[in-house]
Amino acid sequence: MKSRITTTVIAGLALVSMMESCKPKSTSNAVSGDASTKAYVAPGKHDEYYNFVSGGFSGQMSVYGLPSGRLLRVIPVFAVDPEKGWGYSEESKPMLNTSHGMVPWDDLHHVQLSKTEGEIDGRWVFGNANNTPRVARIDLKTFRTAEIIELPNSAGNHSSPFITENTEYVVAGTRFSVPSDNANGDVPISSYKENFKGYLSFISVNKESGEMDIAFQIECPGVNFDLSRAGKQKSHGWFFFSCYNTEQANTLLEVNASQRDKDFIMAVNWKKAEEYIKAGKGKKTAVKYAHNVYSDETHSATSTIKTEVLVLDSKELADICYMMPCPKSPHGCDVDPTGEYIVGSGKLAALIPVFSFDKMIKAIANKEFDGDYLGIPIIKYESALYGEVKKPGLGPLHTEFDGKGNAYTSFFVSSEVVKWNIKDLKVVDRVPTYYSVGHLCIPGGDTRTPSAKYLIAYNKITKDRYLPTGPELAQSAQLYDISGDKMQMILDFPTIGEPHYAQASPAAIIEKNQLKLFKIDENKHPYAAKGEGEAKVVREGNKVHVYMTSVRSHFAPDNIEGIKIGDEVYFHVTNLEQDWDVPHGFAVKGANNAELLIMPGETQTLKWVPDRVGIVPIYCTDFCSALHQEMQGYVRVSPAGSNVPLSFHVGKTAEETPASK
Amino acid sequence: MYIYKLNRTFESEINVQSHLIKIKSMKTKKILLTTLVTLALWSCGGGDKTSSDQSNAETPKSMVPEPEAYDPKRGEGKWTAENLNLGATLDAGMASEGEKISGVKCTSCHKMTEERLVGPGWQGVTTKRTPEWLMNFITNPDPMIDKDPEVQAMLELCLVRMPNQNLADQEARNILEYMRKIDGVK
């Protein structure tokens with residue numbers, strides 16, 4: 001009896017002391033105790049999801065494992081990457097070619113996984129270039145950029161690369177309207193209303209090869225197209241674009257593009273557009289844009305400049321485009337898994353309008369219009385509106401879905417994620433983010449059946465979340481467990497560049513397709529050396545081609561003489577390894593170039609223009625075996641006009657080498 | 001709202017604690033008491049702790065001893081004397097194909113003499129090893145490098161693990177025929 005009392009007292013004291021200690025002290029207290037076990041993936045264990053995250057102004061795309069937040073790979077896309085020789089090797093240079101010539105950088109904002117029947121099919125992931133408008137396709141067998149297509153008549157390719165349910169089209173909408181490419185662009189900037197146009201590009205994707213082609217463009221009034229989403233299921237055949245700056249301001253947009261109470265979400269009937277194209281209503285327009293394709297057979301890229309695009313005019317052709325009024329400069333424009341609800345996020349609004357696809361179709365049929373916007377019919381706001389989420393938070397930006405009837409909207413100004421029910425438009429939960437959240441991602445969040453276990457918030461501001469690193473801080477993502485009724489933050493992880501949109505896929509869909517190596521007997525590179533017997537050095541005028549092989553752990557040849565000042569030397573290095581995870585690197589002292597990183601069975605070329613007479617070492621940069629430090633060689637550079645003969649070898653001793661005399 | 005958060009934290013801490021000290025149900029008061037006191041101490045730290053639970057990590061596979069015995073005559077892999085079906089005389093066509101594929105995948109490291117380059121020279125190899133051992137080794141090198149005492153002795157000398165060059169069965173068979181040709185099989 002006595003002991004029971006003691007026990008109770010001690011237990012009570014323990015509880016009280018615990019409650020005392022639980023007052024929130026800092027933002028980290030918002031994480032409850034079992035969070036670490038939820039995000040913990042033990043050493044040697046694989047993550048459950050791949051997370052493809054835009055690299056923002058790094059120009060690249062990064063791949064994380066979820067729920068651990070471990071960085072698995074940074075895929076070079078629009079920016080050069082000396083680590084992987086991207087944009088430096090002769091083979092990859094054409095990938096960054098544009099109508100402006102080679103552009104070494106861009107700003108990758110959004111990612112889209114390819115889909116079949118509204119579900120992730122694990123074949124490709126697309127990314128957009130916001131600055132010099134382009135769309136890239138990354139092959140998920142190799143996690144490498146396979147294709148980049150430039151977009152004519154465009155500037156600020158922001159509402160991209162959103163895709164239709166069967167990846168029929170990847171779209172690209174221009175954020176900065178500009179005069180079209182074949183018009184005289186030498187006009188006063190203040191003539192915006194008269195001369196500036198907004199173009200929407202529909203890029204077709206070949207079902208088998210994935211190869212992209214600009215099927216057609218739609219010329220629209222000059223506004224800012226911000227984001228977009230394809231319809232799905234019942235709304236398949238439609239695309240929705242948010243538009244702001246319908247004031248058509250050309251200066252101080254911060255004030256001048258925020259005048260109107262409502263801007264628009266533009267609904268585009270692309271099936272109708274296809275009919276017009278078939279009926280010959282498209283106008284062939286002279287333009288100039290680059291189309292770059294990488295071949296895994298020749299291990300080389302080719303860049304083709306195309307000169308024509310088909311254009312439809314939204315004003316001249318009825319039934320393609322309709323405007324739905326949407327409050328205050330809409331940003332996100334997201335379609336729920338059923339395809340019925342279109343969620344607009346007016347970034348300056350204090351409510352979230354939800355549009356009904358069925359109501360929109362009915363309003364169009366009944367011509368419930370409120371005039372037109374520069375020739376495009378405006379559907380009456382109430383006619384297409386399903387309802388409004390009242391006072392959800394400040395600065396709504398983007399919405400993802402869990403497939404259980406809930407939507408999750410990010411709020412930039414109030415730094416929170418708000419979960420709300422689509423049917424009754426009631427807020428059911430809210431959770432803070434640190435800080436100023438932009439995009440959200442739920443694995444499969446834009447498919448018909450999301451895998452709603454986690455939600456990731458991509459934040460614009462990091463401030464005090466990590467150890468400080470001077471003025472520039474890591475960007476940040478935060479992971480929430482959304483499997484229960486309440487959202488629970490379980491992890492912070494830093495990201496590459498500024499993360500904009502991201503998508504995640506169950507790992508099983510993608511990991512089974514991984515290519516482990518390139519088969520050496522299928523290598524069709526014109527300068528491949530398939531075996532040391534084919535290693536050689538060939539002079540063609542002042543161009544010297546070195547057909548080099550690499551294997552653990554030597555190059556062949558590794559001694560080269562007879563190179564002269566004035567030569568251009570091309571090292572074509574073939575990696576003879578046929579085992580997974582055995583790349584070799586290659587670097588040349590003083591080369592005004594990066595390294596090569598050559599995968600098993602692949603050939604890559606480094607161009608080197610020697611600038612001085614002497615002995616120049618070469619070596620393998622990627623630790624390949626216990627004798628990696630021995631994987632090196634020498635090139636002798638002689639003066640211009642020297643009579644040192646061209647010679648090369650591997651494994652000969654000094655006595656055997658004639659040139660050593 | 002504040003109370004609610006408090007309770008959540010409390011429940012979560014219990015989950016972690018009970019997991020850590022491996023009790024499924026708190027049957028005795030003593031355990032309950034210990035848990036609560038530990039819990040109180042745990043929760044007083046400001047909540048900045050991360051879990052140090054490593055119990056999910058499994059022993060790496062290579063640490064687990066293989067149950068079946070390694071046969072140093074045959075090596076490890078799909079090939080046996082029976083399924084290899086080696087002819088008494090040389091198949092010159094196969095040997096010639098074997099020479100070609102060796103040029104792509106093998107001769108960077110192996111000479112056709114007895115001299116060691118990166119790996120040992122090939123001359124005499126078919127008299128030192130059984131044909132099935134050679135076939136298994138060139139198609140399935142990694143487990144054999146880990147287990148075969150003679151390969152391990154060779155690794156100490158060469159220091160480079162022979163890479164898996166992903167040979168197709170017929171390619172491997174042709175290379176074996178080429179090795180036999182080097183060793184004088186007619």
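The values are calculated or read from the model by the stated rules, or taken from the named source; none is laboratory data. These numbers come from a predicted model, not from an experiment. Cβ coordinates were reconstructed from backbone atoms using ideal geometry, including for glycine residues, and neighbour counts include every protein chain displayed.
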For A:Gly44: the one exception among (1) of a type outside the set (Lys, Arg); (2) assigned by TED's automatic domain parsing to the domain that holds A:Pro443; (3) farther than 27 Å from A:Val609 by Cα
(2)
(1) more than 26 Å from A:Met266 (Cβ to Cβ); (2) modelled with pLDDT under 95; (3) exposed (fewer than 15 other Cβ atoms within 10 Å of the Cβ) all hold for A:Lys390 apart from (1)
So A:Leu72 ticks every box in (1) surrounded by 20 or more Cβ atoms within 10 Å (Cβ to Cβ); (2) without any contact (Cβ under 8 Å) to a residue 40 or more places away in the chain; (3) under 24 Å from A:Glu511 (Cα atoms) but one. Which box is left unticked?
(1)
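Residues that are among the polar types (S, T, N, Q) and farther than 21 Å from A:Gly222 by Cβ: list the strands (runs of 3 or more DSSP E) wholly contained in the stretch A:258-372 that include at least 2 such residues. Break it down into steps so the answer makes sense when it comes.
On the way: elements: A:262-269, A:283-295, A:300-313, A:321-327, A:330-335, A:341-346, A:351-356.
Counting at least 2 such residues, we get A:283-295, A:300-313.
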What are the residue pairs meeting all of these: first residue in the stretch A:320-346, first residue outside the structural domain of A:Arg175 (by TED's automatic domain parsing) and at positive phi, second residue part of a strand (DSSP E or B) and buried (at least 24 other Cβ atoms within 10 Å of the Cβ), Cβ atoms under 8 Å, and 6 or more apart or on different chains?
none
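Take the residues in the stretch A:525-547 that are touching a residue at least 24 places away in the same chain (Cβ under 8 Å) and assigned to a strand (DSSP E or B), then tell me which one is surrounded by the most Cβ atoms within 10 Å (Cβ to Cβ).
Of the residues in the stretch A:525-547, the ones touching a residue at least 24 places away in the same chain (Cβ under 8 Å) are A:525-532, A:535-537, A:539, A:542-547.
After this cut, where a residue has to be assigned to a strand (DSSP E or B) as well, the list is A:536-537, A:539, A:543-547.
On the way: A:Lys536: 13, A:Val537: 21, A:Arg539: 14, A:Lys543: 12, A:Val544: 22, A:His545: 18, A:Val546: 25, A:Tyr547: 22.
Checking each candidate, the answer is A:Val546.
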So for the stretch A:105-128 (the condition being at positive phi, modelled with pLDDT of 95 or more, within 14 Å of another protein chain (Cβ to nearest Cβ) and buried (at least 20 other Cβ atoms within 10 Å of the Cβ)), does at least one residue qualify?
no
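Filter the stretch B:130-168 down to the residues that are free of Cβ contacts under 8 Å to residues at least 40 places away in the same chain and charged (D, E, K, R), then identify the one that is nearest to the other protein chains (Cβ to nearest Cβ). It would help to see each step written out before you state the result.
If we filter the stretch B:130-168 for residues that are free of Cβ contacts under 8 Å to residues at least 40 places away in the same chain, which is where we start, we get B:138, B:141-142, B:145, B:151-156, B:159, B:161, B:163-164, B:166, B:168.
When the remaining residues are screened for being charged (D, E, K, R), the result is B:142, B:156, B:161.
Details: B:Asp142: 9, B:Glu156: 11, B:Arg161: 7 Å.
Per the criteria, the residue is B:Arg161.
So that you can scan it fast, the table gives a plain yes or no per residue for (1) surrounded by fewer than 21 Cβ atoms within 10 Å (Cβ to Cβ); (2) assigned to a loop (DSSP other than H, G, I, E, B); (3) touching a residue at least 24 places away in the same chain (Cβ under 8 Å):
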| residue | (1), (2), (3) |
| --- | --- |
| A:Val428 | yes, no, yes |
| A:Tyr435 | yes, yes, yes |
| A:Leu440 | no, no, yes |
| A:Pro443 | no, yes, yes |
| A:Thr447 | no, yes, yes |
| A:Ala452 | yes, yes, yes |
| A:Ala457 | no, no, yes |
| A:Leu467 | yes, yes, no |
| A:Leu473 | yes, yes, no |
Suppose we filter A:Gly44, A:Gly33 for residues that are within 14 Å of chain B (Cβ to nearest Cβ) and farther than 30 Å from A:Asp622 by Cβ; which single one remains?
A:Gly33
Tally of residues being assigned to a strand (DSSP E or B) and aliphatic (A, V, I, L, M) across the stretch A:599-646
6
Would it be correct to say that B:Thr130 is touching a helix residue (DSSP H, G or I) at 6+ places or on another chain (Cβ under 9 Å) and among the hydroxyl-bearing types (Ser, Thr, Tyr)?
yes
Take A:Arg144 and tell me if it is under 18 Å from A:His109 (Cβ atoms) and out of contact with any Leu (no Cβ under 9 Å at 6 or more places or on another chain).
no
Quick one: is A:Glu577 in a strand (DSSP E or B), more than 25 Å from A:Pro94 (Cα to Cα) and either at pLDDT 95 or above or of a type outside the set (Phe, Trp, Tyr) (or both)?
no
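Quick check on A:Gly185: is it part of a strand (DSSP E or B) and over 21 Å from A:Ser303 (Cα atoms)?
On the way: part of a strand (DSSP E or B): no; over 21 Å from A:Ser303 (Cα atoms): yes.
For A:Gly185, the condition - part of a strand (DSSP E or B) and over 21 Å from A:Ser303 (Cα atoms) - is not met.
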In the stretch A:81-104, residue nearest to A:Thr164 (Cα to Cα) [restricted to those that are aliphatic (A, V, I, L, M) and surrounded by fewer than 22 Cβ atoms within 10 Å (Cβ to Cβ)]
A:Val103
Is there a residue being more than 30 Å from A:Pro557 (Cβ to Cβ) and surrounded by 21 or more Cβ atoms within 10 Å (Cβ to Cβ) anywhere in the stretch B:148-167?
yes
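Scan A:Ala155, A:Ala136 and give me the residue that is outside any loop (DSSP other than H, G, I, E, B), at pLDDT 95 or above and not hydroxyl-bearing (Ser, Thr, Tyr).
Numbers: A:Ala155 fails: outside any loop (DSSP other than H, G, I, E, B).
Just a single option satisfies the conditions, and that option is A:Ala136.
Which one of A:Gly87, A:Gly101, A:Gly59 is out of contact with any strand residue (DSSP E or B) (no Cβ under 8 Å at 6 or more places or on another chain), on the phi > 0 side of the Ramachandran plot, at pLDDT 95 or above and in the same structural domain as A:Ala474 (by TED's automatic domain parsing)?
On the way: A:Gly87 fails: out of contact with any strand residue (DSSP E or B) (no Cβ under 8 Å at 6 or more places or on another chain); A:Gly59 fails: out of contact with any strand residue (DSSP E or B) (no Cβ under 8 Å at 6 or more places or on another chain).
Matching residue, one of A:Gly87, A:Gly101, A:Gly59: A:Gly101.
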Output the residue which, of all residues in the stretch B:76-129 that are under 20 Å from B:Arg161 (Cβ atoms), in a helix (DSSP H, G or I) and free of Cβ contacts under 8 Å to residues at least 60 places away in the same chain, is nearest to the other protein chains (Cβ to nearest Cβ).
B:Val104
